[in-house]
1. Given the criterion part of a helix (DSSP H, G or I) and at pLDDT below 85, identify the matching residue among A82, A2, A12.
2. Would you mention how many residues in segment 92-101 are closer than 15 Å to V64 by Cβ, of a type in the set (A, V, I, L, M) and surrounded by fewer than 17 Cβ atoms within 10 Å (Cβ to Cβ)?
3. Among the residues of segment 110-127, are any of a type in the set (A, V, I, L, M, F, W, C), surrounded by fewer than 17 Cβ atoms within 10 Å (Cβ to Cβ) and either in contact (Cβ under 8 Å) with a residue 60 or more places away in the chain or within 13 Å of L62 (Cβ to Cβ) (or both)?
Amino acid sequence: MAGGLDDGDGGAISGINVTPLVDVMLVLLVIFMVTTPMIQQGVNVNLPKAGGEQLVSEEISLVVSVTVDGQVYLNDTRYELATLTEKLVAIAIEKPNHIIYLRADHDASYGTVVGVIAALKSAGIEKLGMITEPRDV
């Protein structure tokens with residue numbers, strides 16, 4: 001047999017059959033490619049578009065989101081503005097130099113967004129980052 005691994009006496013082939021391994025890996029690859037775009041973190045907001053540099057080295061851990069209907073979230077938990085201020089005071093005491101990021105919907109009320117910023121400042125948060133979508137060029 002040309003190119004075979006048979007030792008000539010009719011015994012078993014001593015090579016490793018990698019075909020099942022490749023099949024499993026391809027199925028897993030397809031599953032991850034299909035499910036990854038479906039995974040969405042946080043609250044769904046329509047971010048405004050703005051220019052600027054992208055944050056690369058900072059890990060985003062605390063995000064305050066304002067939805068189009070005026071609801072306020074800290075990460076994925078909904079808060080009233082007064083309760084949010086109390087929570088942010090505790091965060092500011094624990095981590096005084098921590099950056100809080102604000103994600104406000106493009107169509108959210110200006111007064112609501114300013115109210116959230118005022119709550120952040122009154123809670124002692126000194127560093128505030130704004131999350132936007134990159135502007136189309």
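The values are calculated or read from the model by the stated rules, or taken from the named source; none is laboratory data. All figures in this text were calculated on a predicted structure; none of them were measured in a lab. Don't worry about glycine lacking a Cβ; one is built from the backbone with ideal geometry, like all the others, and counts go over all protein chains shown.
1. Exactly one residue qualifies, and that residue is A82.
2. 1
3. No, segment 110-127 has no match at all.
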